[in-house]
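Notes follow the structure.
What follows is calculated from the coordinates using simple rules that are stated; it is not laboratory data. Just so you know, these numbers come straight off a predicted model, no measurement behind them. Here Cβ is always computed from backbone atoms with ideal geometry, including for glycine, and neighbour counts include all displayed protein chains.
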Amino acid sequence: MRRILVTSALPYANGPIHIGHLVEYIQTDIWVRFQKLLGNRCLYFCADDTHGTAIMMSARQAGVSEEAFIAETQAAHERDFADFGIDFDNYGSTHSAENRVLCAEFWKLIRKAGLVKSKDVEQLYDPEAKTFLADRFVRGTCPKCKSPDQPGDNCSKCGHHYSPIELIEPRSTLSGAKPEIRTEPHLFIELEQLHGFLAEWVESGDHLQNEITNYLKGHFLGEPLRDWDISRPAPYFGFEIPDSPGDYWYVWFDAPIGYMASTRQWCDRTGEKFDDWWRAPECEIHHFIGKDITYFHTLFWPGMLKTAGYTLPTKVRIHGFLTVDGEKMSKSKGTFVAARTYLDHLDPSYLRYFYASKLSSRVEDLDLAVDEFVAKVNTDLVNKVVNLASRTAKFVETIGLSKKYPDDGGLFAAAAAAGDEIRDAYEACDYSRAMRLILALADRANPFVEEHKPWELRKDPARQGDLQDVCTVALNLFRQLVIYLAPVLPKLAEQTGELLNKPIERWDESKTPMVGTQVAKFQHMLQRVEEKDVHAMIEASKDSQSAPGELASASGDTTQWSDDGAALAAEPLAPECTIDDFTKVDLRVARVIAAEDVAEARKLLKLTLSLGGDNTRTVFAGIKEAYQPQDLVGRLVICVANLAPRQMKFGLSEGMVTACGPGGKEVFLLSSDSGVVPGQRVH
Ligand SMILES: [Zn+2]
């Protein structure tokens, strides 16, 4: 029996859980349930990540204390997780007494090892929001590859890790202000002292996926490791550093220690020994994380654990991001779906199964295509798995299963033998392979039922024995599939236990058929997913994002709103004008009634606009790279209707259509909410 401690990354206490987060929690929960089903001693710990400037700003905005703010978020997180069947052994908070004690212990040992030094730091300060700016509140141009609009810590284009002060043209995402540079002493951990150890750890054993090992060697370990800035001056919501009053540990110092604090809470509750889990070489430690936090979990964290004398991670299991229909999740498209919104419309089993069917052991993004989601749930789960029970259970409701397992042509034995391969796929986190193997078994079980037609046997009183045998086979094959699916679909496993009067408790139960037991009245197990419910969920996600309350509460969360000051900075505001100046410009709603390419011009389309009645005009618009002429005909635009006509090379332009964007393909025509008619003026 293995002893295994498992964690998922701590969700930040600044916003709701969404379906992107759930990729990781569902992936981890499946692995933990699988280990428990095998009979291993496996524990799953997590906590809310509660510190940092973002929490401070959000609490300020909501007009409550930070403690009240994080308590409310945590309660919502825990409800969402529970309703998705994610079963933690303990769910804590980084703002806990246990975490404070552990942080102090780590700090003492890191100091003692001579890894801490003080250096003056130029930090960005937002003069409007009156706070130092955490990395996530600064965006600007990458100093290495010059990609614009990059986050404050590392570049999403080239992966370069930098200090926000190095960004070209930085902007505060809190206020849009240009930050000031202020100098303060900060405390640093000299990670370079651990370089040899980390290089060896990254390459030894199989702690990391190959692509991650190569990434770390190529990007970080090939040069001296940077000192890690570990303190933040007040104001900051976090733990004050005991031997450095007025300074707080940076959120990334105390967050991973939160895994241990959550373990500590569990130990205190159960009387278990903490060191049996964090200082015992035979105990495995597995961290599940997203690829965006690789650096922290594969360099800083092992360095901290090593220095403090704790067990190093057995494996850091890294996954990619969720896309929906091939695109980044988007609030305007309604694909940024909160966990709660999903639960209001759909069964959590669907998402658990769908993610399982897509997840591999590689660091790949995972796409949720709506069509595929509907088809997979209905074809795989309802038609192939649940149907085995729904078509047979009712015929043996009164007589139960046969006393002796009938001849099934070797189906049960073959599926039992496939168990080891399925187990290995789960172990490797290659769930998509596990699901394929399981569904292949379902594809062999279903023809058995179709051939033996229990619905016809039941009509012949002389063949009741055969009927019982056929149903005994079908229900055993069904139960075998459900045992294999139990880590993914705990609710279906529970329902199956009730149906056959024996709970599913061990993986090995897949090797022995059940005989002679009673069969309960069949209850509906899983509804087909209706496409209209998926669309209703997407619609509801569109609605909630435009509610003014949520706008305010989400404004500090740069993972959802990453509007920065770049566009404004690229084109500064024009000098002030009066209302009279403004009313000189007559903006009108117009309908595009014809649109054609101007072949000789690189950028121009020729548009015929109607202001209603027979009032039409011709306008040349520089939108050719962004729009196809046929897509414009019929749509409403906003035009400058009283602009003096201008003679162009290709004809007379009698106005202008309004649009935004830097140009080229990035041109976006203005339009109004629905209800307007051509000729109406913009006021
Ligand atoms: Zn870059």
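Taking amide hydrogens as placed 1.01 Å from N in the peptide plane, the amide H of VAL519 sits under 5 Å from those of GLY400, LEU401, each at least 5 positions away in sequence or on another chain. Here the dipole of the chain is about 1020 debye; that uses its Cα centre as origin and unit charges on the Cβ of Lys and Arg (positive) and Asp and Glu (negative).
Given the Cα-Cα distance of SER360 and SER65 and 0.36 nm per residue of separation, how much length would full extension add, in nm?
So the extension gain works out to 102.0 nm.
Using C-alpha pairs below 8 Å separated by at least 6 residues, the relative contact order for the range 52-204 is 22 percent. At full extension, TRP455 and ALA82 could sit 130.3 nm farther apart than now, given 0.36 nm per residue minus the alpha carbon distance.
Applying 1/(1 + (r/R0)^6) with R0 = 45 Å to the Cβ-Cβ distance of ALA97 and GLU128 gives a FRET efficiency near 0.80.
Calculation over all alpha carbon pairs of the range 51-196 in 5 angstrom steps from 0 returns a P(r) of 2, 8, 12, 13, 15, 17, 16, 11, 5, 1 percent. Applying 1/(1 + (r/R0)^6) with R0 = 41 Å to the Cβ-Cβ distance of ARG646 and LYS178 gives a FRET efficiency near 0.65. Remark on the range 35-128: hydrodynamic radius 16.8 angstrom, per the Kirkwood mean of 1/r across alpha carbon pairs.
Over all directions, the projected convex hull of the C-alpha atoms in the chain averages 38.3 nm² in area.
Each of GLY63, ILE293, THR50 was scored by the projection of its Cα onto the charge dipole of the chain, and the greatest displacement toward the positive side belongs to ILE293; charges sit on the C-beta of Lys, Arg, Asp and Glu. Computed from Cα positions, the angle between helix 348-358 and the longest principal axis of the chain comes to roughly 90 degrees.
How far is helix 97-112 tilted, in degrees, relative to the longest principal axis of the Cα atoms in the chain, given as a value from 0 to 90 rounded to the nearest 10? In the chain, helix 97-112 runs at an angle near 80 degrees to the longest axis.
Remark: relative contact order (the chain) = 13 percent; criterion is Cα-Cα distance under 8 angstrom and separation of 6 or more residues. Toward the positive end of the charge dipole of the range 600-658, with +1 on the Cβ of Lys and Arg and -1 on the Cβ of Asp and Glu, the farthest Cα among VAL637, GLY655, THR608 is that of GLY655. For the chain, the mean residue ellipticity at 222 nm estimated from helices alone is -11000 deg cm²/dmol, where every DSSP H run of n ≥ 4 contributes -39500 (n - 2.57) and the total is divided by all residues, rounded to the nearest 500.
Based on C-alpha pairs under 8 angstrom that are at least 6 apart in sequence, the range 1-111 has a relative contact order of 33 percent.
Annotation: amide H of ALA428 has no partner in the under-5 Å range at sequence separation 5 or more or interchain, hydrogens built in the peptide plane. In a DSSP loop and with at most 14 other Cβ atoms within 10 Å, the trypsin sites (Lys or Arg not before Pro) in the range 1-64 are ARG2. Between helix 53-62 and the chain there is an angle of about 80 degrees, using the helix long axis and the longest principal axis of the Cα atoms.
How about the range 130-202: which trypsin sites (Lys or Arg not before Pro) there are in a DSSP loop, with at most 11 other Cβ atoms within 10 Å of their Cβ?
Those that pass, being in a loop and sparsely packed, are LYS130.
Note that the range 78-141 shows a convex hull volume over its alpha carbon atoms of 226 Å³ per residue. If a spin label sat at a point 7 angstrom from the Cα of GLU166 along the line to its beta carbon, the backbone N atoms of the range 136-154 nearer than 12 Å would be those of 142-146, 153-154. Relative to its residue count, the range 104-260 spans a Cα convex hull of 130 Å³ per residue. The slack between VAL676 and CYS660, meaning 0.36 nm per residue of separation minus the straight C-alpha distance, is 3.7 nm.
In terms of its Cα atoms, the range 247-326 spans 48, 33, 23 Å along the principal axes, sorted from long to short. Anisotropy class assigned to the range 143-185 is oblate, per the alpha carbon gyration tensor with a/c at or over the 1.5 cut-off and a/b no larger than b/c.
Charged side chains reduced to their Cβ positions (Lys and Arg at +1, Asp and Glu at -1) give the range 578-683 a dipole of some 160 debye around its Cα centre. Peptides 625-636, 287-298, 570-581 ranked from most to least packed by the mean count of surrounding Cβ atoms within 10 Å: 287-298, 625-636, 570-581. Considering only beta bridges that DSSP places wholly inside the chain, some 70 percent are antiparallel. Here the spin labels are modelled as points 7 Å beyond Cα on the Cα-Cβ line, and at LYS542 and ARG506 they lie 5.3 nm apart. Which one of PRO313, VAL449, SER672 is farthest out on the positive end of the charge dipole of the chain, using unit charges on Cβ (Lys, Arg +1; Asp, Glu -1) and the Cα centre as origin? Positive-most Cα among the choices belongs to VAL449.
Unpaired Cys in the chain, meaning no second Cys C-beta under 4.7 Å: CYS42, CYS46, CYS103, CYS267, CYS283, CYS429, CYS471, CYS577, CYS639, CYS660. Rounded to the nearest 0.05, what FRET efficiency do LYS306 and ASP631 give with R0 = 45 Å and r taken as the Cβ-Cβ distance? Could you check? The formula returns an efficiency of 0.15 here. Ordering of 473-484, 268-279, 417-428 by packing is 473-484, 417-428, 268-279, highest average first (other Cβ atoms within 10 Å, averaged per residue).
The 3J(HN,Hα) values that the Karplus relation (6.51, -1.76, 1.60; θ = phi - 60°) gives for the range 571-587 are, in residue order, 9, x, 4, 6, x, 4, 10, 9, 4, 5, 4, 4, 6, 5, 8, 9, 8 Hz. Gly and Pro appear as x.
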